[in-house]
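Participant: Once you've had a glance at the structure underneath, I'll fire off some questions.
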Amino acid sequence: MDGIHDLGGMHGFGPVVFAGSELAYHERWEPRVFAISTLVGIEGIGTGSGRAIREEMPPDEYLRASYYERWLWSTEQRLLRSGTIAAGEIDRWVARLRGGEEPTEASDGGQVERALAVLRGARDPLAPSAEAAFAVGDSVRVKRMRPAGHTRCPRYVRGAVGVVERIQGVDAFPDIGPYDGPEEPVYSVVFASEDLFGPSDEGKWTIRLDLYESYLEAA
């Protein structure tokens, strides 16, 4: 989606890399949010895609929220939409905890085993593409477009020309559903940093992006 939810390549929001940015978590509650979000997907108790739902977050709230606060918001929305929790239920839990009530504890060994099986299991590779429109070495241009809904095509790369480095296989087109569209080829496309961001004191480097065929046209 074009909006504040896609900040890639935009100026005015501070440096991408800063002191402490290499850390996976900065607060003790953050890994718990990550775990809850992961379990919602594994157990099938939430509705919708977390990333697509986060794009529905009001822009002012999105900018004020930290990374895992956004994950927490989308996870709650997924649980609400599936009926796993009721509207206002989390607020009532918070009120009871603030009132001194001890949190309830539960242990589900079966859930632990299911989660570990999924997390440790090998991911199936993408199926090979038999009808790819582009070949390795082809120059391609990312289409200039303004999607009304969810998209996995970064805004900063639209209109830029790159070279197909690899055909990754076929995968479900994510902009419909999302992640429920027809399968189509996915390409690893390389771009020169100067073509995307202009000259830099940091020198030149290469950017590699996996892009769906619908995003590309012959250059």
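The values are calculated or read from the model by the stated rules, or taken from the named source; none is laboratory data. As the structure is a computational prediction, the values presented were derived from the model and not from experiment. As a convention, Cβ positions derive from the backbone with ideal geometry for all residues, glycine included, and neighbour counts pool all protein chains shown.
Condition check ((1) closer than 27 Å to residue 52 by Cβ; (2) in contact with a Leu (Cβ under 9 Å, 6 or more places away or on another chain); (3) surrounded by fewer than 17 Cβ atoms within 10 Å (Cβ to Cβ)) across all residues:
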| site | (1), (2), (3) |
| --- | --- |
| 160 | yes, yes, no |
| 181 | yes, no, yes |
| 194 | no, no, yes |
| 198 | no, no, yes |
| 202 | no, no, yes |
| 205 | no, no, yes |
| 215 | yes, no, no |
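Participant: Something else now. Quickly run through segment 131-147 and pick out the residues that are in a strand (DSSP E or B) and surrounded by 14 or more Cβ atoms within 10 Å (Cβ to Cβ).
Facilitator: 140, 141, 142
Participant: State the number of residues belonging to segment 148-166 that are of a type outside the set (Gly, Ala, Ser) and assigned to a strand (DSSP E or B).
Facilitator: Number of matching residues: 5.
Participant: So, in segment 176-201, exactly how many residues are under 14 Å from residue 216 (Cα atoms) and either of a type outside the set (D, E, K, R) or at pLDDT below 90 (or both)?
Facilitator: Adding up the residues that qualify gives 7.
Participant: Report, by residue number, each residue of segment 27-70 that is in a loop (DSSP other than H, G, I, E, B) and among the hydroxyl-bearing types (Ser, Thr, Tyr).
Facilitator: Selection gives 47, 49, 66.
Participant: Any idea which of (1) under 21 Å from the mean Cα position of the chain (by Cα); (2) without any contact (Cβ under 8 Å) to a residue 24 or more places away in the chain is the one residue 211 doesn't satisfy?
Facilitator: Checking residue 211 against (1) under 21 Å from the mean Cα position of the chain (by Cα); (2) without any contact (Cβ under 8 Å) to a residue 24 or more places away in the chain, the one that fails is (2).
Participant: Within segment 170-179, does at least one residue satisfy the condition of being under 23 Å from residue 149 (Cα atoms), in a strand (DSSP E or B) and among the β-branched types (Val, Ile, Thr)?
Facilitator: Yes; the residues of segment 170-179 include at least one that is under 23 Å from residue 149 (Cα atoms), in a strand (DSSP E or B) and among the β-branched types (Val, Ile, Thr).
Participant: In segment 23-37, what residues are loosely packed, with under 15 Cβ neighbours inside 10 Å and not hydrophobic (A, V, I, L, M, F, W, C)?
Facilitator: Passing the criteria: 25, 26, 27, 28, 31, 32.
Participant: I'd like to verify a number: residues in segment 33-53 that are modelled with pLDDT of 90 or more and over 19 Å from residue 119 (Cα atoms), how many?
Facilitator: 2
Participant: Can you tell which of 92, 78 is under 18 Å from residue 46 (Cβ atoms), basic (Lys, Arg) and either without any contact (Cβ under 8 Å) to a residue 60 or more places away in the chain or assigned to a helix (DSSP H, G or I) (or both)?
Facilitator: Testing whether each residue is under 18 Å from residue 46 (Cβ atoms), basic (Lys, Arg) and either without any contact (Cβ under 8 Å) to a residue 60 or more places away in the chain or assigned to a helix (DSSP H, G or I) (or both) leaves just 78.
Participant: Determine the pairs where a residue that is closer than 19 Å to residue 73 by Cα and without any contact (Cβ under 8 Å) to a residue 12 or more places away in the chain, located within segment 17-37, has a partner that is surrounded by 10 or more Cβ atoms within 10 Å (Cβ to Cβ) and among the hydroxyl-bearing types (Ser, Thr, Tyr) with Cβ atoms under 7 Å apart, the partner being 6 or more residues away or on another chain.
Facilitator: 31/25
Participant: Under 30 Å from residue 47 (Cβ atoms) and either assigned to a strand (DSSP E or B) or free of Cβ contacts under 8 Å to residues at least 24 places away in the same chain (or both), is that true of residue 199?
Facilitator: Taking the combined requirement at face value, the residue does not satisfy it.
Participant: To continue, here is another question. What single numbered condition from (1) in contact with a helix residue (DSSP H, G or I) (Cβ under 9 Å, 6 or more places away or on another chain); (2) surrounded by fewer than 17 Cβ atoms within 10 Å (Cβ to Cβ) fails to hold for residue 151?
Facilitator: Evaluating residue 151 over (1) in contact with a helix residue (DSSP H, G or I) (Cβ under 9 Å, 6 or more places away or on another chain); (2) surrounded by fewer than 17 Cβ atoms within 10 Å (Cβ to Cβ) leaves (2) as the failure.
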